[in-house]
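Only one structure is covered here, and it is reproduced in the block below.
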2 protein chains.
Amino acid sequence: MGRPTINDVATAAGVSKGAVSFALNGRPGISPDTRRRILETAEQLGWAPSPRARALSVSKALAVGLVIARPPEILRADAFFPSFIAGLEAALSPRGHALLLQVAEQADHPAYRRLVQEGRVDGVFVTDLRVDDARPALLEELGLPAVLIGPELGEQPRERQSGLGVDDAPGIRAAVEHLIALGHRDIAHVAGPLEMVHGRSRRRAWSQTLADAGLPEGTCVEADFSAESGARAMGVLLDQAVPPTAVVFANDLMAMAGLSLALARGVSVPGDLSVTGFDDVEISAHLQPSLTSVHTDVVAWGRAAATRLLQLIDLEEPTPADLPAARLVVRSSTGPTPRR
Amino acid sequence: MGRPTINDVATAAGVSKGAVSFALNGRPGISPDTRRRILETAEQLGWAPSPRARALSVSKALAVGLVIARPPEILRADAFFPSFIAGLEAALSPRGHALLLQVAEQADHPAYRRLVQEGRVDGVFVTDLRVDDARPALLEELGLPAVLIGPELGEQPRERQSGLGVDDAPGIRAAVEHLIALGHRDIAHVAGPLEMVHGRSRRRAWSQTLADAGLPEGTCVEADFSAESGARAMGVLLDQAVPPTAVVFANDLMAMAGLSLALARGVSVPGDLSVTGFDDVEISAHLQPSLTSVHTDVVAWGRAAATRLLQLIDLEEPTPADLPAARLVVRSSTGPTPRR
DNA sequence: CATCGGAACTAAACCGGTTTAGTCGGTCGG
DNA sequence: CCGACCGACTAAACCGGTTTAGTTCCGATG
């Protein structure tokens, strides 16, 4: 005797199972009286429709997928996914959809194919987009609704796809402008991988802001978002004949590592050098010196992404998401230009 | 014309659908010849059985659940879940099981009930166990197989449950012994919440190690694993009449924040004070000074947990998991006792 | 040579819902 | 007073697999 089924309810209420289904789904053809009686017996028996059976007959999975396409080592220190997932869940579970996770190697096409072929999901989220990423085209070909998450999504709107712009440019712009206001003229950038859209868009925002201010473009070192690479990049910058007076990092992890390297080499922060990060991870506020960073509301992104995907699946008109803007959090790793 | 079904394969191969099912599942009653032919046509048609239909008929979900019971803010900085999930996935997907995620409020019983009632999962992972956690009992009552993850699990073995001991005591022990070897005699501890099993077990390991070495128990400050609380705890310790010469933190986040607070107060690390963490998050190695910490292989835990859960579900005999031991990584936040 | 047993399949029931095609009783219009 | 129509509901098909109960055909056995 496991859980009750629709048949148990039907028998108990003295109707056919079709009637129960109608009553449950609020379809016409059932008198208010009967409907109430059915719902009551269902309640009483503690019956809830089985998503399994339902999924089979409506040919839907009632689940959406998030394919995390990063090697575990990088995943390890990631601040993005936990919050993002929390946001997704917040929007999904009230609507009866489950979140299916899959961890795959970088841009692992078979992973998506499998997800589709097995029909486990009705749609997917695509993160960590790369320049010329093949996944949007693949998903379109597979006919799987998708929400693409990232800045500067190409304009080509595909069938059943929607881009959710998490525009990080204003955050970087704010950081650069903050440094300019402090008197800095030689502002370097440590970028994420430039084949990733968020690596590239942050870099572009940095150089654009400098250009807009009439300043010469500073040095840009490409790194890979890891602490290790951040420290290496800082090493390169410090080894220059004329090191920059400020460095804008594309994320906090690199910024913290870079900042520490500078300290280790006897460079005072913010005395000799100002540093900014991006993401505003928890520890940033508690370091010595604390890190000026750009705070983004990742949970809200997740919520918005999930809402959008469900709309796509149900063929509804997508409502424009208004995401909270990224905001600069000024702390003690930035200060006035040193006198030379 | 969507994906092919078992019927298409049966027709194409000129057999009944039962035969196809038998062939696919390697059951007896099909001649090697026919079996080969069936599998070939299936291959050719690009057919894979639909988990939906299969789940319905075998009354299994072919999915397992991970309920993350932490408020999003804490989740934010978490280093554990991403890696753990990667490990889970590594063991689950080859066996055709999906990972369902649910984010719930602290020990949200309805979340588990729902998961069971809807029959979406065949088993769950339970993390962040608390002392006197009600969830194991609840899950047993619901008849849902579960793997409990954490140190010092109660001995009461429940029906269809299995504890996966991620014993963090040796790691803490190694840290304390390392400090003792450096000459420290006054070693404090900043603990996680003592109502959480991993908060408590780490604390116990610290005090036990001191006792074993014949040293008096140092001060223990209870915190909550957050950076904020780590800094506060360090403040308390430094305000003591005779501050400790070394502090063992229950995780890296608190350790980093505590260490930074000490620096901010002009305390030299490791000159005046030694500090150790736990988790060995990526940034730990790159701070200034770099953090001595205990490294654990979370991905391996995840793999082991998933393997164990699948065994539980299939009523197999659980194989003892041999998890890689935690190991101390000595860096520059620990040093000899200062001369007083 | 009739019979029994087993291997190789097929037909049909089943999982638990949704959905379509009817059935039935009553009302309304002509 | 009869037929059309409608609302309320039932019966049965269907989703795509698994599984059980037969059915056939074959060789071996007494």
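The values are calculated or read from the model by the stated rules, or taken from the named source; none is laboratory data. These numbers come from a predicted model, not from an experiment. A quick note on method: Cβ atoms are made from the backbone with ideal geometry, for glycine too, and the neighbour counts reach across all protein chains shown. The protein model used for the area step is the full one, side chains on, heavy atoms only, and it has no ligands, DNA or RNA in it. Shrake-Rupley method; radii C 1.70, N 1.55, O 1.52, S 1.80 Å.
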Original post:
Given the residues B:Ala246, B:Ala241, B:Ala257, which is the only one that is farther than 21 Å from B:Arg185 by Cβ and among the aliphatic types (A, V, I, L, M)?
Top reply: B:Ala257
Subject >> Close pairs (8 angstrom Cβ cut-off, 6 or more residues apart or separate chains): on the phi > 0 side of the Ramachandran plot in the stretch A:7-36, within 11 Å of DNA strand C (Cβ to nearest atom) anywhere >> reply: A:Gly29/A:Phe22
Original post:
Given the structure, is B:Arg35 within 7 Å of DNA strand D (Cβ to nearest atom), surrounded by 17 or more Cβ atoms within 10 Å (Cβ to Cβ) and not in a loop (DSSP other than H, G, I, E, B)?
Top reply: no
Original post:
Is it true that B:Val281 is farther than 24 Å from A:Arg232 by Cα and either of a type in the set (Asp, Glu) or crowded, with 24+ Cβ neighbours inside 10 Å (or both)?
Top reply: no
Original post:
Restricting attention to the stretch A:197-215, which residues are in a helix (DSSP H, G or I) and farther than 16 Å from A:Leu129 by Cβ?
Top reply: A:Ala205, A:Trp206, A:Ser207, A:Gln208, A:Thr209, A:Leu210, A:Ala211, A:Asp212
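Condition check ((1) assigned to a loop (DSSP other than H, G, I, E, B); (2) near DNA strand C (Cβ under 9 Å from one of its atoms); (3) over 23 Å from B:Arg54 (Cβ atoms)) across all residues:
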residue: A:Arg3; (1), (2), (3): yes, yes, no
residue: A:Asn7; (1), (2), (3): no, yes, no
residue: A:Ala19; (1), (2), (3): no, yes, yes
residue: A:Gly26; (1), (2), (3): yes, no, yes
residue: A:Ile30; (1), (2), (3): yes, no, yes
residue: A:Leu39; (1), (2), (3): no, no, yes
residue: A:Gln44; (1), (2), (3): no, no, yes
residue: A:Arg52; (1), (2), (3): no, yes, no
Original post:
Picking from B:Arg200, B:Arg204, B:Arg232, which residue would you name as being among the basic types (Lys, Arg) and touching a Leu at 6+ places or on another chain (Cβ under 8 Å)?
Top reply: B:Arg200
Original post:
Which of the following residues is in the same structural domain as A:Arg70 (by TED's automatic domain parsing) and not aromatic (Phe, Trp, Tyr): A:Ala241, A:Ala305, A:Ala211?
Top reply: A:Ala305
Subject >> Hey, B:Pro193 assigned to a loop (DSSP other than H, G, I, E, B) and in the same structural domain as B:Gly271 (by TED's automatic domain parsing) or not >> reply: yes
Original post:
Are any residues in the stretch A:1-20 open to solvent by 40 Å² or more (accessible area, probe 1.4 Å) and among the small types (Gly, Ala, Ser), and if so, which ones?
Top reply: A:Gly2, A:Ala12, A:Gly14, A:Ser16
Subject >> Tally, over the stretch A:38-53, of residues that are away from every other protein chain (no Cβ under 14 Å) and open to solvent by less than 40 Å² (accessible area, probe 1.4 Å) >> reply: 2
Original post:
Residues of the stretch B:212-237 being more than 29 Å from the chain's Cα centre (by Cα) and closer than 13 Å to B:Gly258 by Cα, which ones?
Top reply: B:Gly235, B:Val236, B:Leu237
Original post:
Looking only at the stretch A:54-71, which residues are open to solvent by 10 Å² or more (accessible area, probe 1.4 Å) and either in a loop (DSSP other than H, G, I, E, B) or aromatic (Phe, Trp, Tyr) (or both)?
Top reply: A:Ser59, A:Lys60, A:Ala61, A:Leu62, A:Arg70, A:Pro71
Subject >> Scan of the stretch B:92-151 for residues that are assigned to a helix (DSSP H, G or I), open to solvent by less than 20 Å² (accessible area, probe 1.4 Å) and within 14 Å of chain A (Cβ to nearest Cβ), ordered by number >> reply: B:Leu92, B:Ala111, B:Tyr112, B:Leu115
**OP:** Could you check how many residues of the stretch B:21-32 are open to solvent by less than 50 Å² (accessible area, probe 1.4 Å) and either of a type in the set (A, V, I, L, M) or more than 9 Å from DNA strand D (Cβ to nearest atom) (or both)?
**Re:** 2
**OP:** State whether the residues of the stretch A:248-258 include one that is more than 18 Å from A:Ala174 (Cβ to Cβ) and surrounded by fewer than 17 Cβ atoms within 10 Å (Cβ to Cβ).
**Re:** no
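Every residue, every condition in (1) without any contact (Cβ under 8 Å) to a residue 24 or more places away in the chain; (2) open to solvent by 30 Å² or more (accessible area, probe 1.4 Å); (3) among the aliphatic types (A, V, I, L, M), yes or no:
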site: B:Ala213; (1), (2), (3): no, yes, yes
site: B:Glu222; (1), (2), (3): no, yes, no
site: B:Ala233; (1), (2), (3): no, no, yes
site: B:Ala246; (1), (2), (3): no, no, yes
**OP:** Considering only the stretch A:204-252, state which residues are closer than 22 Å to A:Val329 by Cβ and touching a His at 6+ places or on another chain (Cβ under 6 Å).
**Re:** A:Trp206, A:Ala227, A:Thr245, A:Ala246, A:Val248
Subject >> Subset of the stretch B:256-294 (residues that are modelled with pLDDT under 95 and in contact with a strand residue (DSSP E or B) (Cβ under 7 Å, 6 or more places away or on another chain)) >> reply: B:Asp279, B:Asp280
**OP:** Answer with yes or no whether B:Ala13 is within 12 Å of DNA strand C (Cβ to nearest atom), at pLDDT 90 or above and outside the structural domain of B:Gly277 (by TED's automatic domain parsing).
**Re:** yes
**OP:** Mind listing just one residue for me: the one in the stretch B:164-179 that is open to solvent by less than 40 Å² (accessible area, probe 1.4 Å) and not in a helix (DSSP H, G or I) and, of those, nearest to B:Ala211 (Cα to Cα)?
**Re:** B:Asp168
